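As structure tokens, the structure follows; a few thoughts come after it.
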Amino acid sequence: MKKMQAIIITSLLIACAVFCCACSRKKDFEKLDSRLNECFDKYVTQNSIESSCFRLFNQETGYNWSGSTDGVDDNSHFGMASITKMFTAVVIFNLESEGKISFDAPISKYLPKSYYKGTAVYKGTDYADRITIRQLLSHTSGLADYFSESSSEYPSIVETAYEQNKDIRYPYSNILARMRELPALNIPGESRKANYSDFNYQLLGKIIETVTRKSLNDNYKKYIYTPSGMKSTYLYEPDMKWGDIEEIRGKYANGEFPLMEASEQAAGGIISTADDLMKFAKAYFSYTLFDESLFSDITSFKDLSFHKQYGLGLMHFSNIYDSYGHTGSLGCVVLYSPKLKTYVVGTVNNCSSKDALSLAKKLLSEM
């Protein structure tokens, strides 16, 4: 009898402790909600951000938060811009694991010369045949960037779309023409730094389609959307309607940009939501999408810019709680901080990666 009473009392004490702990955690979460809401509202107001949605998740406590401006939410569609590069890299990782490609093989093994000839001319010599898949992934190919660099023949996409607010279509043939007007920055693999170029990932997209004989979106679906549980993400293709995608609202670029979005493909053409992007981030950093053994290769970083390094399709932000992830030029970001065990994803949708990173850092500072 006494033994039974002891068991009952112990069980009641445990139940009370669990209840008190749950109540305490609920109060802590409510305080955190309040701080994050205030932080988000203050930032978007002070910076005149009209269309924004962010998600935050703490891996240790299970805490979940989302904040958005009027008219959008976790399921609103936004252009992901260069966050697409993380997706493209994941497909390449899987093709490497399956033995269909090799990181250190030259692109000439997988693509006809017509896809790249004349795009890597450095001091009069074209080194395009020597570029490897690893160099494309890590932005160490030496290739120039048609998106941000202008030539005498072609203004950059940034100048045309973001600064002049003009939507333009540039098929692969036009991208090749642009690249052939831009001299390479160095011989492939011979720079100590990473030099960012959208053409690196345009080429990776062509390799994926050539090797698998399937569309890019089919590959994204197989290797990313399905295993991550993403149901509202897709690659924007030519002739698609803008539909329910949020219009870009920036200082210069405003409105719909279907022609540019359809042109970026493997370098920046994915459309997604904050909810789906969080699913992707969790799947990526839990090694659900690729073999964990590849992570040492992925995190072989080279300096890209101040406090920012680039690995294989992955950025490292040493000044933001030692976070990993990627930014997109439309103003979107995906980050994971192992130090804080926290994910933050979202967009300010105003063509400012700086704003997206600043807001993400402020939100993380509340954790």
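Past 21 Å, Cα to Cα: identify those pairs from K85/K282; K85/K214; K27/K361; K117/K221; K42/K354; K42/K308, in the order given.
Going by Cα-Cα distance, K27/K361; K117/K221; K42/K308 fall outside the 21 Å limit.
What's the Cα-based Rg to Rh of the chain, Rh via Kirkwood?
1.05
Classify the stretch 185-251: rounded, prolate or oblate, from the alpha-carbon gyration tensor (a ≥ b ≥ c, eigenvalue square roots; a/c under 1.5 rounded; otherwise prolate if a/b is larger than b/c)?
oblate
Angle between the Cα long axis of helix 84-97 and the longest principal axis of the chain, 0 to 90 degrees, nearest 10?
Around 90 degrees separate the two axes.
In terms of the Cα gyration tensor, with a ≥ b ≥ c the square roots of its eigenvalues, is the stretch 233-367 rounded because a/c is under 1.5, prolate because a/b exceeds b/c, or oblate?
Prolate is the answer for the stretch 233-367, as a/c is 1.5 or above and a/b outweighs b/c.
Let a ≥ b ≥ c be the square roots of the eigenvalues of the Cα gyration tensor of the stretch 161-311; is it rounded (a/c under 1.5), or, if not, prolate (a/b larger than b/c) or oblate?
Here the stretch 161-311 falls in the rounded category.
Only four residue types carry charge here, +1 at the Cβ of Lys and Arg and -1 at the Cβ of Asp and Glu. Report the dipole size of the chain about the Cα centre in Debye, rounded to the nearest 20.
Rounded to the nearest 20 debye, it is 1140 debye.
Could you work out the helix-only [θ] at 222 nm for the chain, with each DSSP H run of four or more residues adding -39,500 (n - 2.57) and the total divided by the number of residues, to the nearest 500 deg cm²/dmol?
So the calculated ellipticity at 222 nm is -11000 deg cm²/dmol.
Which one, T273, T327, T210, has the greatest fluctuation when you compute a Gaussian network model over the chain with C-alpha springs under 10 angstrom?
Sorting by GNM fluctuation, first place goes to T210.
Specify, per residue and in Å³, the volume enclosed by the convex hull of the alpha carbon atoms belonging to the stretch 107-218.
109 Å³
Where a Cα-Cα gap under 15 Å defines reach, which aspartates and glutamates qualify for K109, not counting those fewer than 8 residues away within the same chain?
E96, D129, E209
Under a 1.4 Å probe, what is the accessible area of the chain per residue, stated in Å²?
45 Å²
Please compute the length gained on full extension between K26 and S365, using 0.36 nm multiplied by the number of residues separating them and subtracting their Cα-Cα distance.
Stretched out fully, the K26 to S365 stretch lengthens by 120.0 nm.
Would you calculate the separation in nanometres between label points at E256 and D73, each defined as 7 Å from the Cα along the Cα-to-beta-carbon direction?
2.4 nm
Rank H307, H77, H316 by mean-square fluctuation in a GNM of the chain with C-alpha springs under 10 angstrom and give only the top-ranked residue.
Result for the chain, Cα springs under 10 Å: H307 fluctuates most.
Search the structure for amide H atoms under 5 Å from the amide H of S323, placed 1.01 Å from N in the peptide plane, and list their residues when 5 or more places away or on another chain.
F317
The values are calculated or read from the model by the stated rules, or taken from the named source; none is laboratory data. Nothing here was measured: the structure is a model prediction, and the numbers come from that model. All Cβ positions, glycine included, derive from the backbone under ideal geometry; neighbour counts span all protein chains shown. Each accessible area value is taken on the protein alone, full model and side chains, heavy atoms only, with ligands, DNA and RNA left out. Shrake-Rupley method; radii C 1.70, N 1.55, O 1.52, S 1.80 Å.
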